[in-house]
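Asks: Take a look at the following structure, please.
The values are calculated or read from the model by the stated rules, or taken from the named source; none is laboratory data. This one's a predicted model, so the numbers in the text were calculated from it and none came from an experiment. With ideal geometry, Cβ positions are generated from the backbone for all residues, glycine too; neighbour counts draw on all protein chains shown.
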Amino acid sequence: MHIAVCIKQVPDTRNVRIDPDTHTLVRQGVESIINPFDLFAVEAALKIKDENNARVTVVTMGPPQATEALRDTMGLGVDDAVLLSDRAFAGSDTWATSTTLAAAIKKMGDVDLILCGKQAVDGDTAQVGPEMAALLDIPYATFVKKIDLGDGNSIRAIRQTDEGTEIWKLPTPALLTVIKEIGEPRVPSLRFKMRAKKAEIPVWGAADLGLDTNCVGLCGSFTQVVRIFSPPRRTDRILIEGSVEEQAERLFNYMKQSRVPGI
Amino acid sequence: MDYFLTEEQKMIQELAAQIAAEKVRPTRAKLDENDEFPWEIMKTLAQADLFGLYIPEEYGGMGGGIFENCLAVEQLGGACIGVATTFAASGLGAYPILLFGSEDLKHKYLPQIASGKRLAAFGLTEPGAGSDVSGIKTTAVKDGDHYILNGSKQWITNGGEAEIYSVLAITDRSKGARGASFFVVETGDPGFSFGKKEKKLGIRASATRELIFQDCRIPKERLIGREGMGFIVAMKTFDKSRPGIAALGVGLSQGALDLAVEYARKRVQFEKPIISFQAIQHKLADMATKTEAARALVYSIARFMDSNPNDVSKVAAMCKMYAADVAMEVSTNAVQVLGGYGYMQDYPVEKMMRDAKILQIYEGTNEIQRNIIGQELNKEYGRMKDTFF
Ligand SMILES: Cc1cc2nc3c(=O)[nH]c(=O)nc-3n(C[C@H](O)[C@H](O)[C@H](O)COP(=O)(O)OP(=O)(O)OC[C@H]3O[C@@H](n4cnc5c(N)ncnc54)[C@H](O)[C@@H]3O)c2cc1C
Ligand SMILES: Cc1cc2nc3c(=O)[nH]c(=O)nc-3n(C[C@H](O)[C@H](O)[C@H](O)COP(=O)(O)OP(=O)(O)OC[C@H]3O[C@@H](n4cnc5c(N)ncnc54)[C@H](O)[C@@H]3O)c2cc1C
């Protein structure tokens, strides 16, 4: 079984600052970490590998420095890594990111299971996983907390939803996005770390993926960031407390005072 | 300080530091309070490949030496020497096999110890034989293809938790210093059992138990080395393991120093951070200097020992003794810097002070270390023909 895990390098949000003038993240001097949810995805893949004959490949689209993130996961026991890096990929929105990642999965050829984090802690859209599945035309499930291998042609995924848990059976190849409950990431091992240090990590660009540069990066993005700002703080809010009846009465009185039409 | 570590040594240090920070620091108070054996952490250390640092690759280890092991032990010791002792004691149990065991014994036991699948322990001390090892009473009598052990061992670290024990017993009392031998005893061997778990001042995450042998029958191939080599095996094992105890001391000192400096910068009295008082500064300065001196001593001796020199008893004793004394002093002063807060269990320094004491006692008390150093000096200078006058 071949499992591909998509990981993203993100700024360490535990200590990022927001520029008070531009309202954007101050990225300078902020350490990059692996998106925490993607580490859960790596752990999920390694758990499967612990008990089955599986090969795990991690893939990331990012600048050359992202190789470090790939090596870190190899220190945990991941077999292979691929970096998707090309000037043409710069400025990708979620669609362009998904297009690029999907092309990489296709190029690998034999992937049975794709694992993503439930969302990236910086972009936060939770779109890349499902978009990739759509582009690859394979089934997917989000917010997965447990994965069971089925008969070889399908997997069972347990999803956590607001209403409860759902058990899904998906034919493979399939894509899952995972949540924290899948299991805490393990610590690295010395042997794996030493191997990771020496590992050759291939870099695939647009040409390697057979992608037209107009379909990736800024050119291939449907959306563009025009402006980023923090929403202005709303100050005209009051909090009504008490029992339901008291709250209703206070709200009613408040509306009367405020001359809400019809009251 | 830059000790010019190799890439690999830095990797070991980082990995052990990560486990110390993520797994040991958050749990140490609870382990201490409940006298709880740190199985979860041992599993993590096993998975991280740290149990086999000093074991050759052909026996499943990482092929490093004493120095590599010290680097890991130091980092773990910085968080909790109870946990780190548990880890290090497996090495103490492994060394007799590694140094003197037959190929069969090495191939059988070292891979299990290196992978951390099974813990090892070292059984020497008895109620009547502490510093004076020659007082042991446990016997091993040959009976055909077996040895039969009778007697008991006291205060054995990892006792009851480990599955592989290197045990010293008298094989021929008439031969005196050449009458003892080491054996491998396994959990489950007939006639082998454990006494109750000891209640201790410190290192409470470490389990200490009595080993009891009642007509304990083991195959004769479990003899380590030859009959009569027991005391030599013990001495050579201690030579290898003492830098590890020293590394525990360095780690503990650094851990206590880190807390003391951070606290002194924050704690305000008389409208000033207490670190602005010279009395506190001088205390911290001495703590930092001695910690660094202990580290420099341990690192250089461990590296020297990895070059396989002939006689290392003196230097091995020096680093154990010095780092243990520094750890006791630094942790005591850390409590002083934290004042009443330092005395409370809400802060980790009182535990460090309780823990530090063991470093001056086990693997040969510091008095015994000084005896060894003194005797070696006497021998060394006795061989010299020149005079210094
Ligand atoms: C409207 C919009 C415009 C943007 N414009 C730009 C821009 O101009 N320049 C710019 O640099 N960025 C831009 N971004 C950010 C960038 O597109 C996203 O960070 C990226 O597409 C991933 O989306 P996300 O962070 O929301 O990830 P999510 O969809 O939340 O991530 C889900 C999962 O997908 C996988 N994943 C996500 N990204 C990657 C990746 N790169 N490699 C491997 N796996 C991955 C991970 O498994 C992750 O857990 C833009 C984002 C948006 C929403
Ligand atoms: C928590 C713990 C864990 C231990 N783990 C192990 C283990 O895993 N395996 C094992 O075999 N043992 C273990 N021990 C035993 C330990 O090694 C002994 O306690 C130690 O060697 C000292 O022996 P003793 O306690 O009998 O003290 P004693 O030998 O009775 O010494 C009492 C005092 O007299 C001093 N003294 C004795 N002889 C001399 C001398 N000739 N010159 C000067 N001073 C002297 C000592 O330094 C000490 O201060 C452990 C002990 C403890 C407390």
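Asks: Please verify whether region A:124-139 includes one or more residues that are surrounded by fewer than 22 Cβ atoms within 10 Å (Cβ to Cβ), part of a loop (DSSP other than H, G, I, E, B), acidic (Asp, Glu) and modelled with pLDDT of 95 or more.
Replies: Within region A:124-139, one or more residues are surrounded by fewer than 22 Cβ atoms within 10 Å (Cβ to Cβ), part of a loop (DSSP other than H, G, I, E, B), acidic (Asp, Glu) and modelled with pLDDT of 95 or more.
Asks: If B:Leu15 meets every condition in (1) under 25 Å from B:Met352 (Cβ atoms); (2) more than 11 Å from chain A (Cβ to nearest Cβ) apart from one, which number is that one?
Replies: (2)
Asks: With region A:1-108 as the region, which helices (runs of 4 or more DSSP H) entirely inside it contain at least 1 residues that are surrounded by 22 or more Cβ atoms within 10 Å (Cβ to Cβ), on the phi > 0 side of the Ramachandran plot and at pLDDT below 95?
Replies: Filter on region A:1-108 gives an empty set.
Asks: So, one more: I need every pair where a residue in region B:121-136 that is under 15 Å from B:Met235 (Cα atoms) has its Cβ under 7 Å from the Cβ of a residue that is assigned to a strand (DSSP E or B) and near ligand 2 (Cβ under 6 Å from one of its atoms), sequence separation at least 6 or different chains.
Replies: Matching pairs, first to second residue: B:Gly123/B:Ile156; B:Thr125/B:Trp155.
Asks: Do you know which residues across region B:18-39 are surrounded by fewer than 19 Cβ atoms within 10 Å (Cβ to Cβ) and more than 11 Å from chain A (Cβ to nearest Cβ)?
Replies: Start the filter on region B:18-39 by keeping residues that are surrounded by fewer than 19 Cβ atoms within 10 Å (Cβ to Cβ), which leaves B:18, B:21-22, B:25-27, B:29-30, B:33-36, B:39.
Matches in region B:18-39: B:Arg25, B:Pro26, B:Thr27, B:Ala29, B:Lys30, B:Glu33, B:Asn34, B:Asp35, B:Glu36, B:Trp39.
Asks: Take A:Leu149 and decide whether it is under 27 Å from A:Arg195 (Cβ atoms), more than 16 Å from ligand 2 (Cβ to nearest atom) and modelled with pLDDT under 95. Please lay out each step first, then the result.
Replies: Working: under 27 Å from A:Arg195 (Cβ atoms): yes; more than 16 Å from ligand 2 (Cβ to nearest atom): yes; modelled with pLDDT under 95: yes.
Yes, satisfied.
Asks: Given the conditions (1) in contact with an Asp or Glu (Cβ under 9 Å, 6 or more places away or on another chain); (2) more than 16 Å from A:Cys116 (Cα to Cα); (3) surrounded by fewer than 19 Cβ atoms within 10 Å (Cβ to Cβ), report the number of the one that A:Pro171 does not fulfil.
Replies: (1)
Asks: Would you say A:Glu184 is surrounded by fewer than 13 Cβ atoms within 10 Å (Cβ to Cβ), within 14 Å of another protein chain (Cβ to nearest Cβ) and either in a loop (DSSP other than H, G, I, E, B) or on the phi > 0 side of the Ramachandran plot (or both)?
Replies: Working: surrounded by fewer than 13 Cβ atoms within 10 Å (Cβ to Cβ): yes; within 14 Å of another protein chain (Cβ to nearest Cβ): yes; either in a loop (DSSP other than H, G, I, E, B) or on the phi > 0 side of the Ramachandran plot (or both): yes.
Taking the combined requirement at face value, the residue satisfies it.
Asks: Identify all residues within region B:331-365 that are among the hydroxyl-bearing types (Ser, Thr, Tyr) and crowded, with 17+ Cβ neighbours inside 10 Å; write none if there are none.
Replies: Those that are among the hydroxyl-bearing types (Ser, Thr, Tyr) and crowded, with 17+ Cβ neighbours inside 10 Å: B:Ser331, B:Thr332, B:Tyr347, B:Tyr362.
Asks: Moving on to the next point. Restricting the search to region B:71-106, which residues are away from ligand 2 (no atom under 16 Å from the Cβ), closer than 22 Å to B:Ala327 by Cα and not polar (S, T, N, Q)?
Replies: B:Leu71, B:Ala72, B:Glu74, B:Leu76, B:Gly78, B:Ala79
Asks: So, of the residues in region B:167-209 that are assigned to a strand (DSSP E or B) and of a type in the set (Ser, Thr, Tyr), which turns out to be nearest to ligand 2 (Cβ to nearest atom)? If you could, list the steps in order and put the result at the bottom.
Replies: So in region B:167-209, the residues assigned to a strand (DSSP E or B) come out as B:167-170, B:180-186, B:192-197, B:208-209.
From what's left, of a type in the set (Ser, Thr, Tyr): B:181, B:193, B:208.
Working: B:Ser181: 15, B:Ser193: 17, B:Thr208: 5 Å.
Filtering first and then ranking leaves B:Thr208.
Asks: Next up: I need the full set of residues from region A:187-210 which are β-branched (Val, Ile, Thr) and either within 16 Å of ligand 2 (Cβ to nearest atom) or within 14 Å of another protein chain (Cβ to nearest Cβ) (or both), in order please. Working first, answer last.
Replies: Of region A:187-210, the ones β-branched (Val, Ile, Thr) are A:187, A:201, A:203.
The one that is β-branched (Val, Ile, Thr) and either within 16 Å of ligand 2 (Cβ to nearest atom) or within 14 Å of another protein chain (Cβ to nearest Cβ) (or both): A:Val187.
Asks: Are any residues in region B:152-178 surrounded by fewer than 24 Cβ atoms within 10 Å (Cβ to Cβ) and in contact with a Ser or Thr (Cβ under 6 Å, 6 or more places away or on another chain), and if so, which ones?
Replies: Those that are surrounded by fewer than 24 Cβ atoms within 10 Å (Cβ to Cβ) and in contact with a Ser or Thr (Cβ under 6 Å, 6 or more places away or on another chain): B:Gln154, B:Trp155, B:Glu163, B:Ile170, B:Thr171.
Asks: Right, B:Leu223: more than 24 Å from B:Met352 (Cα to Cα) and modelled with pLDDT of 95 or more or not?
Replies: yes
Asks: Would you mind listing the helices (runs of 4 or more DSSP H) fully within region B:295-389 where at least 3 residues are over 25 Å from B:Pro26 (Cα atoms) and touching an Asp or Glu at 6+ places or on another chain (Cβ under 8 Å)?
Replies: Values: elements: B:313-343, B:349-356, B:366-383.
Result: B:313-343.
Asks: Can you name the residue in region B:193-236 that is basic (Lys, Arg), within 14 Å of B:Ser181 (Cα to Cα) and out of contact with any Leu (no Cβ under 9 Å at 6 or more places or on another chain) and, of all such residues, is surrounded by the fewest Cβ atoms within 10 Å (Cβ to Cβ)?
Replies: Taking region B:193-236 as the starting set, the residues that turn out to be basic (Lys, Arg) are B:196-197, B:199-200, B:204, B:209, B:217, B:220, B:222, B:226, B:236.
Next, only the ones that are within 14 Å of B:Ser181 (Cα to Cα) stay: B:220, B:222, B:226, B:236.
Pick out the ones that are also out of contact with any Leu (no Cβ under 9 Å at 6 or more places or on another chain) and you get B:220, B:226.
On the way: B:Lys220: 14, B:Arg226: 12.
Out of the qualifying residues, it is B:Arg226.
Asks: Those residues that are in contact with a Pro (Cβ under 9 Å, 6 or more places away or on another chain) and hydrophobic (A, V, I, L, M, F, W, C), I need them from region A:75-86; list them, please. Give the derivation first.
Replies: So in region A:75-86, the residues in contact with a Pro (Cβ under 9 Å, 6 or more places away or on another chain) come out as A:75-77, A:80-83, A:85.
The answer is A:Leu76, A:Ala81, A:Val82, A:Leu83.
Asks: Please find, among B:Ile212, B:Ile218, the residue that is in contact with a His (Cβ under 7 Å, 6 or more places away or on another chain), assigned to a strand (DSSP E or B) and outside the structural domain of B:Ala323 (by TED's automatic domain parsing).
Replies: B:Ile218
Asks: A further question on this structure: Return the only residue of A:Phe252, A:Phe192 being of a type in the set (Phe, Trp, Tyr), part of a helix (DSSP H, G or I) and within 25 Å of A:Leu39 (Cα to Cα). Don't jump to the end; show me each part of the working.
Replies: Details: A:Phe252 fails: within 25 Å of A:Leu39 (Cα to Cα).
Going through A:Phe252, A:Phe192 in turn, the sole match is A:Phe192.
Asks: From the list B:Phe122, B:Phe194, B:Phe213, which residue is aromatic (Phe, Trp, Tyr) and more than 21 Å from B:Trp39 (Cα to Cα)?
Replies: Numbers: B:Phe122 fails: more than 21 Å from B:Trp39 (Cα to Cα); B:Phe194 fails: more than 21 Å from B:Trp39 (Cα to Cα).
On inspection, the qualifying residue turns out to be B:Phe213.
Asks: Based on what the data block shows, is B:Asp145 among the charged types (D, E, K, R), in contact with a Pro (Cβ under 7 Å, 6 or more places away or on another chain) and either at pLDDT 95 or above or within 16 Å of ligand 1 (Cβ to nearest atom) (or both)?
Replies: Values: among the charged types (D, E, K, R): yes; in contact with a Pro (Cβ under 7 Å, 6 or more places away or on another chain): yes; either at pLDDT 95 or above or within 16 Å of ligand 1 (Cβ to nearest atom) (or both): yes.
It is true that B:Asp145 is among the charged types (D, E, K, R), in contact with a Pro (Cβ under 7 Å, 6 or more places away or on another chain) and either at pLDDT 95 or above or within 16 Å of ligand 1 (Cβ to nearest atom) (or both).
Asks: Next question, about the same structure. Residues that are more than 30 Å from B:Thr44 (Cβ to Cβ) and not assigned by TED's automatic domain parsing to the domain that holds B:Leu92, at least 2 per element: which strands (runs of 3 or more DSSP E) completely within region B:105-160 meet that? Let's see the steps before the verdict.
Replies: Details: elements: B:120-123, B:139-143, B:146-157.
Here the list reads B:139-143, B:146-157.
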